[in-house]
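**Q** Before anything else, here's the structure in question.
The values are calculated or read from the model by the stated rules, or taken from the named source; none is laboratory data. These figures come from a predicted structure and were not determined experimentally. Note that we place each Cβ from the backbone using ideal geometry, even for glycine, and neighbour counts take in every protein chain shown.
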Amino acid sequence: MKKELEIVIGDSWHPRALPYFAMLLMALMLITNVLNLKFINFFGLSIIGSQISFALSLILADIMTEVYGYRRVRRLLWAGISCLVLYAIFVQVVVLLPPAASFVGNAAFVKVFANAPRIVVASIASYFLTELTNSSIMSSLKVRFHSKYFYGRALGSTAVAQAVDVVVFYTIAFAGVLPLSLILSAGSFSWIAVIVCEILVLPLTKKLAHTLKHYEGVEHYDQAPR
């Protein structure tokens, strides 16, 4: 028989597994930024290369918000944004530095990463708004429904957050650079793909969140349930 979960309000407890999930989220954020630099062909459709890693980051954020709360996820988001800024700075420093005489791939390197600052700005803006939207909705609905209806809460928060991401990211990153038709098709596919992915893994997402709650031994709320 499983032990009953302790109801915890706010930050009055110390999670055991959160650092590992935080590192995974940071890794997905950095991976997504690198893969943002390429579009790939998917059965005749042009989609951004970061589609899977970004979808996984949203699913992970759902689990983390459900278990650890909005405020902790928000702090992790600020840490992730700091990592993205450092990534952009170091990449641009290397782009500007003269290549070694024996390095023959400098032109390709510069061509790929010279556009990184705009991609990073788009990523920072979209991650900030998307993850805050996702976590805020997920956390608020958890309080409102007393931790019930996980499927609906996770799917609804992701649908709204992904719409925010599509508008913010594709506008900042590619407006004036790529044809509008490509931006619209890639953005639309991105929204649909994330929702489909979310639906397919919802049973696993719920199971992981449930298992993690029992590992931590708490049912966490950012504010007192009504």
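**Q** So which helices (runs of 4 or more DSSP H) are wholly in the stretch 1-119 and hold at least 1 residues that are closer than 30 Å to TYR215 by Cβ?
**A** Fully inside the stretch 1-119 and qualifying: 18-35, 51-68, 70-96.
**Q** For the stretch 135-165, give me the residue count where each residue is among the β-branched types (Val, Ile, Thr), at pLDDT below 90 and under 21 Å from PHE54 (Cα atoms).
**A** Residues that pass the stated criteria total 0.
Let's see how each residue does on (1) of a type in the set (A, V, I, L, M); (2) within 27 Å of ALA108 (Cβ to Cβ); (3) out of contact with any strand residue (DSSP E or B) (no Cβ under 8 Å at 6 or more places or on another chain):
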{"site": "MET26", "(1), (2), (3)": "yes, no, yes"}
{"site": "THR32", "(1), (2), (3)": "no, yes, yes"}
{"site": "LYS38", "(1), (2), (3)": "no, yes, no"}
{"site": "GLY44", "(1), (2), (3)": "no, yes, yes"}
{"site": "ILE48", "(1), (2), (3)": "yes, yes, no"}
{"site": "ILE52", "(1), (2), (3)": "yes, yes, yes"}
{"site": "LEU58", "(1), (2), (3)": "yes, no, yes"}
{"site": "ASP62", "(1), (2), (3)": "no, no, yes"}
{"site": "THR65", "(1), (2), (3)": "no, no, yes"}
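**Q** Could you check the stretch 133-170 and list, in sequence order, the residues that are part of a loop (DSSP other than H, G, I, E, B) and surrounded by 15 or more Cβ atoms within 10 Å (Cβ to Cβ)?
**A** Selection gives SER147 alone.
**Q** Now a separate question. Hey, any hits in the stretch 144-159 for a residue that's of a type in the set (Val, Ile, Thr) and in contact with a strand residue (DSSP E or B) (Cβ under 6 Å, 6 or more places away or on another chain)?
**A** no
**Q** Select from the stretch 171-183 the residues that are of a type outside the set (Val, Ile, Thr) and not in a loop (DSSP other than H, G, I, E, B) and write down the one among them that is nearest to TYR127 (Cα to Cα).
**A** The extreme case among them is ALA173.
**Q** Follow-up. For the stretch 154-201, give me each residue that is of a type in the set (Gly, Ala, Ser) and either in contact with a Cys (Cβ under 6 Å, 6 or more places away or on another chain) or under 28 Å from VAL67 (Cα atoms) (or both).
**A** ALA154, GLY156, SER157, ALA159, ALA161, ALA163, SER190, ALA193
**Q** May I pose another question? Consider ILE48 against the criteria (1) out of contact with any Cys (no Cβ under 6 Å at 6 or more places or on another chain); (2) closer than 18 Å to ALA161 by Cα; (3) modelled with pLDDT of 85 or more; (4) of a type outside the set (Ser, Thr, Tyr): it satisfies all of them except one. Which criterion is unmet?
**A** (3)
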